[in-house]
1. Considering only the label points, 7 Å along Cα→Cβ from Cα, what distances in nm to one decimal separate A:Glu218 from the same position in each other copy, shortest first?
2. Report the calculated FRET efficiency for B:Lys144 and A:Ser93 (r = Cβ-Cβ distance, R0 = 30 Å), to the nearest 0.05.
3. If Rh is defined by the Kirkwood formula over all Cα pairs and Rg also comes from Cα, what ratio Rg/Rh do you get for the protein assembly as shown?
4. Rounded to two decimals, what ratio of Rg to Rh does chain A give with C-alpha atoms and a Kirkwood Rh?
5. Pop the C-beta distance of B:Lys40 and A:Asp298 into the FRET formula with R0 = 45 Å and round what comes out to the nearest 0.05.
6. Taking the beta-carbon count within 10 Å as an exposure proxy, list B:Met100, B:Met1 from fewest neighbours to most.
7. I want to check the label-to-label distance for A:Lys33 and A:Ile157. Put each point 7 Å from Cα in the C-beta direction and report it in nm to one decimal.
8. Considering only DSSP states other than H, G, I, E and B, which chymotrypsin sites (Phe, Trp or Tyr not before Pro) in segment A:20-59 qualify as loop sites with at most 15 other Cβ atoms within 10 Å?
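Only the coordinates and a few stated rules stand behind these numbers; no lab work does. On a predicted model such as this, the values are computed, not experimentally measured, just so you know. Note: ideal-geometry Cβ built from the backbone for every residue, glycine included; neighbour counts use all protein chains shown.
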There are 2 protein chains.
Amino acid sequence: MNIKKLAKKLGLSITTVSRGLGGYSDVSETTRKKIIKFAKKYNYAPNPNASNLASRKTNTLGFVIPLYGLNSNKLNQASFFEFISGMSNKINSENIQFIMKFANTIEEEKKAYDNLIKVEKVNKVILHNLKKNDPRIKFLQKNKINFVGWGRTQGRINYPWVDLDNESSTNLIMQYLFDRNHRNIAFINVDEKYNFAYQRKQGYLKFLKKNKIKFKKENYISVAYENPDQVASVIEKKILKNSKITAIICSTEYSAAGAIKACNKANKKIGIDISLITFDGNVVNFITSPSLTAINHDRKVLGSKAIEILTSETKIKNNSYYLAKPEIIERGSVLTLKKSN
Amino acid sequence: MNIKKLAKKLGLSITTVSRGLGGYSDVSETTRKKIIKFAKKYNYAPNPNASNLASRKTNTLGFVIPLYGLNSNKLNQASFFEFISGMSNKINSENIQFIMKFANTIEEEKKAYDNLIKVEKVNKVILHNLKKNDPRIKFLQKNKINFVGWGRTQGRINYPWVDLDNESSTNLIMQYLFDRNHRNIAFINVDEKYNFAYQRKQGYLKFLKKNKIKFKKENYISVAYENPDQVASVIEKKILKNSKITAIICSTEYSAAGAIKACNKANKKIGIDISLITFDGNVVNFITSPSLTAINHDRKVLGSKAIEILTSETKIKNNSYYLAKPEIIERGSVLTLKKSN
DNA sequence: TTTAATTTCCAAAACGTTTTGGAAAACATT
DNA sequence: AATGTTTTCCAAAACGTTTTGGAAATTAAA
């Protein structure tokens, strides 16, 4: 079934059918209803190729997945799927075409964006995996492509984005531990080149400052995405050997995995000998016992908000954003200490 | 840049440029080279919409991701990404369009396939998450869509597929444990409605038969994809309480996670008090210590083979397939027992 | 040298839509 | 009844390709 046949069945012109389905005001309510009825009856959907071609535009969302990041950090794959789940409902109902590209290297990633814009002519992009200062933003703006950042660059922001409230997350965690009388709190982060890691550190530092606690260099480490055993060994040496530390914050599931592995080796029992609280933890908790107290964010909402911003009727404002609020989920890995002094 | 402008620059007709790029024999080698040179120079790539429309066909690969499966089993997400990684290299180089759809429910999954074929008019499909007897196969065959199964249905197969050699995997594991003098081996599987689970069980049963060991009902359980703690508790009660069992085979990372959690609770040390060997284990091993001995398959190759079959010059044969051979990776979780009697 | 066969090219039609620029019909106003 | 407005429709052009059915040019055969 195509529009020509459908028009014939309706006894109308192609134009009227097209405009009727498009919701234009120059087709009467009665005929529009009839058109829609027939379209459903004959299971008609416009050919996207013809439609894109004729209208000189697309309604296509492009998304480039940095496999190089996700393959080295398998524990982060879950949050990716959550985001996608949130997106997909909206995408299906809004009838957006969705093109996904996969990049095994940074070069491939660049090529993929180029291809999306130059060849596929997408008009919407989800920009993922933002660096502190990300050249792709200028590229997209120059090409006038609507996009939403999943994550943010640093400094002044002139584009729409959705993100976790990383700074208040660490702040919340610190308060939670503080209330339970922890004063020597280690923070295991990843490289600050990842903006979320930078933000999480800021929350940690600000809390210390606000509460007039001195920042101890030896309480903060950053681990690289590498072999799990190496990560564990770094944590064991630098954190677990330091007997003053009573609680550990893990900035990622990845570092939590390392910490658990390290605790196993060092024979320190989590929730008994030492307290641990992690970001996310949804994968780790499949395995580890006791289950970890964690700070959680709803990434499904992040995904659906991103699509919402991209499809909002009015022109996308450069200051639309959505900040997911964190929530602490108490499980069995944080001790309440006796008040010292 | 479009073909018209490019033709003008070349001083050739549109037809010749199109056919030159298409590799037709009715354009001379010299002009073809010139055309390709100019196309590169002016960064020309055919508009896929126009191309699809004009040629009455597409070169598009459709892939429906069953989020309902992956979200409930986060530990399986890694193998999905590996498969995708394998695909993506080939896809990028072959210049295939790639449309991905996400389904949160089985109904959505059905709709997604329908949409891919009726609306997007894809000519290739990766069929994932096959049930023992899967209605989608008939649907695709009826619509004459080229597809490759990632996984297989049961019984006689009349379509191309790529899959793990599940049966010989369990066989290999059993032999490995047998050689280390284990005779009471538990097998934790998932529901046999998943064909891979069925196949893995077959390998287990066949090994027993071949070696004249009686199948013990209490050594085999199947766990559902649900709350990790419930899984752990089932394993603790049904397997760990059975003191005769010296080794456990976990059919999925998911069940391995449950087993580890259960061992923690029961205070049984893996690799000391009990042996454990798992399928995959790439995620679990980020966390668990000692690292688990595992049986591994290269899913990247699976992905690239799937694309290879779909893009092979000759018409796709219904008996092309690729069977990934397993490999045991020794780590620290399997004991060698003393020979009894 | 003429004719036949082969190679190399191209004009025009087609794909299924959207959009433009009216025309006709219906309604409202004088 | 005549004119102006608004509503409702449509024919035709356009989008950027591929493909068809030759035509022209070249090469081979007679």
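1. The answer, with the shortest distance listed first, is 5.3 nm.
2. Numbers: r = 30 Å, r/R0 = 0.99.
According to the calculation, E is roughly 0.50.
3. Values: Rg = 28.1 Å, Rh = 27.9 Å.
Checking Rg against Rh, the ratio lands at 1.01.
4. On the way: Rg = 25.3 Å, Rh = 22.8 Å.
Taking Rg over the Kirkwood Rh, I get 1.11.
5. Details: r = 47 Å, r/R0 = 1.03.
Calculated transfer efficiency: 0.45.
6. On the way: B:Met100 22, B:Met1 14.
Final ranking by Cβ density, sparse to dense: B:Met1, B:Met100.
7. With each label point 7 Å from Cα toward Cβ, the separation is 4.6 nm.
8. The qualifying sites are A:Tyr24, A:Tyr42.
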